[in-house]
Amino acid sequence: AGLSPSLAIHVYTQREIYGTVGSHVTLSCSFWSSEWISEDISITWHFQAEGSRDSISIFHYAKGQPYIDDVGTFKERMEWVGNPHRKDGSIVIHNLDYTDNGTFTCDVKNPP
């Protein structure tokens with residue numbers, strides 16, 4: 001039986017980012033895929049507040065369009081600066097607040 005090689009996608013982010021209340025910060029997310037970037041590529045950012053068990057989706061890119069999720073405190077303050085064809089899924093969060101402290105996760109899917 002032949003084994004097909006696994007197809008990989010590697011996602012890179014900064015381990016820690018510091019920002020000043022009232023300023024903005026870029027959450028960079030770059031990726032590498034062993035396959036060409038498909039039209040079905042999707043990028044999702046999640047946020048887990050410090051001390052919370054729950055993670056919420058705050059941003060989604062799919063079918064060539066960015067969608068800022070309509071929940072949480074980020075919806076008015078987020079800007080899409082990525083470009084999937086350049087293997088970039090970065091976002092900017094404006095007007096930082098103390099409550100933005102937590103863990104941000106960038107998830108990239110490049111089907112199939």
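For Lys87, the lysines whose Cα falls under 22 Å of its own Cα, not counting residues fewer than eight places away in the same chain, are Lys63, Lys109.
Each peptide in 63-75, 27-39 receives the mean, over its residues, of other Cβ atoms within 10 Å, and ordering these scores from highest gives 27-39, 63-75. A full extension of the chain between Thr103 and Tyr18 corresponds to an added length of 29.4 nm, given 0.36 nm per residue minus the alpha carbon distance.
Using a probe of 1.4 Å on the protein chains alone, the accessible area found for Val21 is around 80 Å².
State the label only: which of (1) 56, 28, 22; (2) 57, 29, 26; (3) 42, 38, 20 corresponds to Cα extents along the principal axes in Å computed from the shown model? For Cα extents along the principal axes in Å, the calculated option is (1). Solvent-accessible area of His85, all protein chains in place: 120 Å² (probe radius 1.4 Å, heavy atoms, ligands and nucleic acids excluded).
Over the range 18-58, the reciprocal of the mean inverse Cα-Cα separation, the Kirkwood hydrodynamic radius, stands at 13.5 Å. For the chain, a Gaussian network of Cα nodes joined below 10 Å ranks Ile91, Ile56, Ile43 by mean-square fluctuation, and the top entry is Ile56.
The values are calculated or read from the model by the stated rules, or taken from the named source; none is laboratory data. Just so we're clear, the structure is a prediction, and the values are computed from it rather than from any experiment. Because the Cβ atoms are built from the backbone with ideal geometry, glycine has one as well, and the counts that use them run over all protein chains shown. Each accessible area value is taken on the protein alone, full model and side chains, heavy atoms only, with ligands, DNA and RNA left out. Shrake-Rupley method; radii C 1.70, N 1.55, O 1.52, S 1.80 Å.
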